[in-house]
Every structure is written in C-alpha cells, then in structure tokens.
Amino acid sequence: MTKAQHIDWLLSLADDALILGQRLSEWCGHAPALEEDIALSNIALDLIGQSRALLSHAGRLEGAGRDEDRLAFFRSDREYRNLLLVELPNGHFGDTIARQFFYDQFALIRYTHLAQQTFDSEVAAIATKALKEVRYHAAHSAEWMIRLGDGTELSKARIQESVDRLWPFTGECFQEHTILDAAIASGAMPDRSRAQNTWNESVGAVLNQATLTKPEGSWKQSGGRDGLHTEHLSYMLAEMQVLPRLHPEAKW
Amino acid sequence: MDENERGMEPYLCGESFHAMDLNQRFEDYIAADQKIEAKDWMPDEYRKTLIRQISQHAHSEIIGMLPEGNWITRAPSLKRKAILLAKVQDEAGHGLYLYSAAETLGANRDDLMDALIDGRAKYSSIFNYPTLSWADMGAIGWLVDGAAIMNQVPLCKCSYGPYARAMVRVCKEESFHQRQGFQIMLNLSEGTDEQRAMAQDSLNRWWWPSLMMFGPNDESSTHNEQSMRWKIKRFSNDELRQRFVDMTIPQVELLGLTVPDQDLKWNESTGHYEMGPIEWQEFFDVIAGNGPCNKERIAARKKAHRDGDWVREAASAYAQKMNAKATSNQTHAA
Ligand SMILES: [Fe+2]
Ligand SMILES: [Fe+2]
Ligand SMILES: [Fe+2]
C-alpha cells in the first residue's frame with residue numbers, strides 16, 4: 001500500500017464512524033424512550049471517539065499538519081470516504097436501527113480483523129478498544145431488530161420495509177475498490193469473500209430470529225469510497241462544518 | 001440499613017396511634033434530621049408536594065436536553081461535540097433517576113410523561129429560551145447548570161431518602177457540566193473578536209433568566225414555609241440567588257465580560273453583591289406559556305413520544321411473548 005493509499009484507507013475507516021456518529025447524535029432528545037436517548041447517544045459517542053483516533057492517526061501519517069478537526073471540518077463531501085449507508089437520513093427509529101444493524105455487523109468483522117493485523121499497529125490498538133464498543137452496539141441493534149421484527153404487526157411491517165430499503169446500500173461494505181484491495185493485499189483488511197460470508201450468515205441469523213425476510217437483490221449502491229455520495233451528505237456536512245468554516249481563524 | 005432498624009418503623013406499629021400521632025411523629029422525625037424512605041408513612045401533602053417537585057425537576061432535565069441538543073450537530077470541534085453529547089446524555093440520565101425517585105412515591109413515569117406533553121406539568125422556564133449561538137452551550141453549562149447546582153446541592157440533604165440520593169449523583173455530574181460550560185466561555189473570551197462578542201451576547205441573554213431560575217422573591221413565593229419545615233426546600237429563593245450572584249460575578253470578571261445589570265455593585269458592609277430589580281413580568285409570562293420556545297419544546301417532546309409509540313408497543317409486545325414462552329417452558333419442565 002502506498003502512503004496515499006494508507007491515508008485514504010484510514011479516512012475510509014474514520015469517516016464511516018464519524019458520519020454515522022453525527023447522524024446518531026441527531027436523535028439526542030428525540031428518541032422513543034429515555035433509555036434510547038441514552039443508548040443512541042452512547043453509540044454516537046463511541047463512534048465519534050473512534051473517528052477522532054483514526055483521523056488523528058491519518059493526519060500524523062500525512063504529515064501536513066492536519067489534525068482531527070482540520071480533517072473533519074475542512075474536507076468537502078467529495079473528499080469524504082464513508083459508505084453511503086452511514087450518511088442516509090435517520091428516518092424513523094426502525095430505519096435507524098436497521099442501518100445500525102447492517103453497519104454494526106460489518107464493523108464487528110472489520111474491527112475483529114483490524115485488532116489482529118500487524119500492518120498498522122496504531123490501528124490495531126484503536127480497533128482493540130473499538131471492538132469492545134462495537135460488540136455492545138451490535139448487541140443493541142440486533143436486539144432491537146428482533147424486538148421490532150417479532151413485536152407487533154405494525155413494527156414487523158415497518159422494520160421489514162427498512163431492511164428492504166437499506167439492503168442495496170449494504171453491498172458497498174464488501175465492494176471491490178483499489179484502495180481497499182491494496183489494504184487487503186497488505187493484510188490490513190480481512191479477505192473480502194470470507195468477510196462477506198460471515199456478514200451474510202450473522203445478518204441472516206438475526207433476521208431469521210426477528211422473523212424477517214432477508215432481501216434477495218444484489219443491486220448495489222456505491223460511490224462513497226470515491227467521494228461520490230448521496231444528496232444527503234453535503235447537507236450534513238454544511239451543518240456540521242458551519243462554525244469552523246465561518247470562523248477559520250478561531251480555536252474552540 | 002436493615003428494614004427493621006429504620007427509625008420510622010415504631011410509629012407504624014405503635015399500640016394506640018391515630019392520625020395526629022403519626023403526623024407528630026413524622027414532624028419530629030424530620031426535625032431530628034432523619035430520612036424518610038419510600039415505604040414509610042408520610043402525610044399525603046408531603047407525598048404530593050414531593051411528587052410535584054421531583055417530577056418538575058425530572059421534566060426540566062428532559063426538556064433541557066432540547067436547547068442544548070440543538071447544537072450537538074454543529075459543535076465546532078469533535079472534542080466539544082463529544083463533551084456536549086455526553087452532557088446531554090447525562091441530563092437524560094438525571095431525568096431517569098428522578099422519574100424513578102418519583103415512582104417510589106407511587107407516581108408512574110408514563111403518567112408523568114403524559115402530563116408533560118399535554119402541557120399540564122411545569123418544568124424550569126429557562127429552557128423556553130432559544131439557543132442562538134455556540135456560546136449558549138457555554139452560558140447554559142456555566143450559568144444554568146451552575147444555578148441548578150445552587151438549588152440542588154442543599155437537596156442532597158433533603159428529608160426524602162430516594163430524592164436525596166438521586167440528587168447526590170445528579171449534583172456530581174452537574175458540577176462537571178458547570179466546569180465544561182465555563183471552559184467554553186473561557187475559550188471564547190480568549191478567542192477572536194467574534195468569539196468574544198458571541199460570549200458577551202450569550203451572557204447578556206442568559207443572565208437574567210438564570211437569576212429567575214431561583215424563583216420569585218421570598219415575599220411573593222408560595223408553599224415555602226411548609227417545604228422548609230419538611231426539609232424538601234432548605235434555603236429561600238433569595239438566599240440561593242444571592243449565593244449564585246456572589247459566586248458568579250468574580251467568574252464574569254475573570255472572563256473579562258460584563259453582566260447586563262447597571263445596578264450591580266459590591267456592598268462592602270454586607271459582603272454581598274447587590275443586584276438590580278428582576279423583570280418579574282417576563283418570568284410570569286414565560287411560566288404562563290408565552291416564552292419564546294414553550295410551544296416548540298412541548299411539541300418536540302410530544303413528537304418524540306408519539307413517534308416512539310409503535311416502538312415502545314413493539315418492545316412490550318415482544319417482552320410479553322418472551323414471558324409467555326418462559327412460563328410455558330417452565331410448565332413443561334415441571
Ligand atoms: Fe441535569
Ligand atoms: Fe438538574
Ligand atoms: Fe447538567
């Protein structure tokens with residue numbers, strides 16, 4: 001992996017966490033129950049923490065003086081490397097949970113590998129901590145998938161709809177991509193087809209327990225890793241970045 | 001403490017007690033600085049007053065999440081975002097402890113929540129003001145959480161055990177919030193001209209509403225005397241307000257900012273700051289529902305609750321199914 005690829009790879013990891021954390025933080029104060037305000041904020045906090053560590057690492061490796069905030073607040077949507085899945089609007093609670101469930105299952109596989117790889121020891125340390133957090137996130141989202149799937153008629157219909165709607169965005173997790181291919185070749189990322197099989201199995205098992213139907217389609221939405229996003233990301237960044245961009249001189 | 005060692009037990013199993021004795025023993029018990037626990041006898045009025053006070057406090061925590069939640073997605077650095085998110089999350093936790101404390105008195109969280117979203121319940125009026133800039137995250141933490149601490153620290157020693165214990169946890173976290181809020185103000189006051197102006201503007205807008213958080217002047221305040229005797233209120237509104245001003249003015253000076261009170265002056269002989277008159281009309285207007293954000297706050301709470309109906313219903317339907325399964329498994333096993 002070249003240095004540029006290495007940095008891009010780190011940004012892809014950091015951006016997934018940051019963008020999903022930012023989305024989840026929108027729930028704070030608006031969740032279906034106080035317990036979920038707390039749980040969703042907690043998950044958002046973990047994700048933001050992961051992104052900070054990864055961004056700082058990317059900035060140091062780059063050596064151009066960009067710190068976590070410079071990278072978070074002064075990159076445009078075309079420079080963001082996150083999955084499209086994580087930037088999608090929150091929708092209703094079921095949409096948020098389904099999005100989280102698909103991502104958590106992916107993050108679990110990815111961080112398990114990242115914690116063990118020897119290509120980048122700093123990432124291994126970050127991943128070891130993150131893995132503990134992601135295990136809790138994955139348990140939380142899987143439990144909700146099951147509750148909503150096997151709850152009432154209404155909740156089952158709603159969460160099935162969320163699953164169906166989000167499904168096309170899950171393929172991007174395992175899509176071929178120059179930078180990720182280089183990371184796989186260096187041993188930094190898990191083998192693609194093995195990771196995808198594991199994901200399919202664990203997602204299938206939870207959907208099954210939730211009495212939900214796993215969608216069949218293999219049609220994929222992608223582009224996030226290359227900075228080609230949905231229409232939503234630019235709005236999200238406009239909101240997130242407004243203050244540092246308005247006061248570029250200021251320290252906070 | 002063992003259930004039997006609890007001081008309240010004797011007057012429940014005395015031989016010839018009647019209501020007068022119970023009341024007297026209750027008053028004596030509180031006068032002796034003993035804690036009342038959930039299962040102890042208490043006068044209806046004590047129970048009602050506490051439920052009202054605790055649930056209003058719980059509602060304030062929950063509504064208070066909204067004005068600060070308004071800036072989480074726009075926090076200007078990732079560190080500030082994390083701190084603010086954690087703070088607002090703490091407030092949700094405070095709401096939870098306090099609803100639980102109210103439940104020990106026989107209230108029900110769902111009913112309390114309904115009262116809040118139907119507009120029947122009160123909460124701290126300060127949260128009916130809008131958060132217009134990032135500096136408001138500083139001013140709220142510093143002044144609003146600061147005022148809340150002034151009000152709440154004495155409640156850590158209030159006569160009702162579950163409330164007192166909840167307040168101990170809450171106050172620890174509130175003092176973090178207060179420090180973090182002050183940090184934001186300090187950071188802004190040492191920053192660019194625009195940042196300083198932002199901090200001053202925010203202090204201008206939050207100063208008087210913060211002073212109003214202590215409630216009306218002592219002369220015009222109701223239910224004070226009984227609550228003081230019952231030790232569920234321990235200092236008067238004016239005493240607490242004075243303490244707050246005395247504590248805060250040196251901090252304002254440290255920030256190099258000024259409070260929007262031309263009459264404010266140090267009184268050498270009393271050792272206290274004197275403040276100008278408070279616009280009580282504004283206070284009563286906001287309480288009456290005419291503050292800038294009353295309708296929005298309740299509407300946001302109501303929307304969250306209504307949008308969550310199907311989720312909570314699903315969770316309880318699922319829990320029921322699982323219980324039924326567990327019961328039938330037990331029957332089969334037997
Ligand atoms: Fe609080
Ligand atoms: Fe409070
Ligand atoms: Fe607080």
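The values are calculated or read from the model by the stated rules, or taken from the named source; none is laboratory data. Predicted model only: the values in this text are computed from it and were never measured. Positions of Cβ are backbone-derived with ideal geometry, glycine not excepted, and every protein chain shown enters the neighbour counts.
Okay, here's what the table says:
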item: Failed condition for B:Gly95, given (1) within 16 Å of ligand 2 (Cβ to nearest atom); (2) over 20 Å from B:Cys158 (Cβ atoms); result: (2)
item: Unmet criterion (only one of (1) of a type in the set (A, V, I, L, M); (2) more than 16 Å from the chain's Cα centre (by Cα); (3) in a helix (DSSP H, G or I); (4) within 14 Å of chain B (Cβ to nearest Cβ)) for A:Ile7; result: (4)
item: Of residues in region B:41-81 being among the aliphatic types (A, V, I, L, M) and within 13 Å of another protein chain (Cβ to nearest Cβ), the one farthest from ligand 1 (Cβ to nearest atom); result: B:Leu78
item: Residues (β-branched (Val, Ile, Thr) and more than 7 Å from chain B (Cβ to nearest Cβ)) located in region A:25-57; result: A:Ile43
item: Count of residues meeting criterion [away from chain B (no Cβ under 14 Å), of a type in the set (A, V, I, L, M, F, W, C) and surrounded by fewer than 21 Cβ atoms within 10 Å (Cβ to Cβ)] in region A:58-90; result: 2
item: Scope region B:164-174; condition within 26 Å of B:Pro67 (Cα to Cα) and either away from ligand 1 (no atom under 14 Å from the Cβ) or among the basic types (Lys, Arg) (or both); matching residues; result: B:Arg169, B:Lys172
item: Count of residues meeting criterion [surrounded by 20 or more Cβ atoms within 10 Å (Cβ to Cβ) and in contact (Cβ under 8 Å) with a residue 40 or more places away in the chain] in region B:71-82; result: 4
item: Residue within region B:91-101 that is modelled with pLDDT of 95 or more, more than 7 Å from every other protein chain (Cβ to nearest Cβ), surrounded by fewer than 22 Cβ atoms within 10 Å (Cβ to Cβ) and farther than 20 Å from B:Gln178 by Cα present; result: yes
item: Subset of region A:209-240 [part of a helix (DSSP H, G or I), within 13 Å of chain B (Cβ to nearest Cβ) and crowded, with 19+ Cβ neighbours inside 10 Å]; result: A:Met236, A:Leu237, A:Met240
item: Residue in region B:214-240 that is farthest from B:Ala147 (Cα to Cα), counting only those that are polar (S, T, N, Q) and at pLDDT below 90; result: B:Gln226
item: Unmet criterion (only one of (1) outside any loop (DSSP other than H, G, I, E, B); (2) within 13 Å of chain A (Cβ to nearest Cβ)) for B:Ser133; result: (1)
item: Residue within region B:195-216 that is within 14 Å of chain A (Cβ to nearest Cβ) and either closer than 30 Å to B:Pro43 by Cα or not in a helix (DSSP H, G or I) (or both) present; result: no
item: Tally, over region B:117-162, of residues that are more than 14 Å from ligand 1 (Cβ to nearest atom) and within 30 Å of B:Arg25 (Cβ to Cβ); result: 7
item: Index of the failed condition, A:Phe119 passing every other in (1) touching a residue at least 60 places away in the same chain (Cβ under 8 Å); (2) of a type in the set (Phe, Trp, Tyr); (3) crowded, with 20+ Cβ neighbours inside 10 Å; result: (3)
item: Residues of region B:271-293 that turn out to be modelled with pLDDT of 95 or more and surrounded by 15 or more Cβ atoms within 10 Å (Cβ to Cβ), as a count; result: 4
item: Helices (runs of 4 or more DSSP H) enclosed by region B:233-334 - at least 2 residues per element that are within 14 Å of chain A (Cβ to nearest Cβ); result: B:294-307, B:309-333
item: Every residue from region A:79-92 that is of a type outside the set (S, T, N, Q) and within 17 Å of the chain's Cα centre (by Cα); result: A:Glu79, A:Tyr80, A:Arg81, A:Leu83, A:Leu84, A:Leu85, A:Val86, A:Glu87, A:Leu88, A:Pro89, A:Gly91
item: Test: residue in region B:43-65 that is among the polar types (S, T, N, Q) and over 25 Å from B:Arg234 (Cα atoms); result: no
item: Residue in region B:89-96 that is among the hydrophobic types (A, V, I, L, M, F, W, C), within 14 Å of ligand 1 (Cβ to nearest atom) and in a helix (DSSP H, G or I) present; result: yes
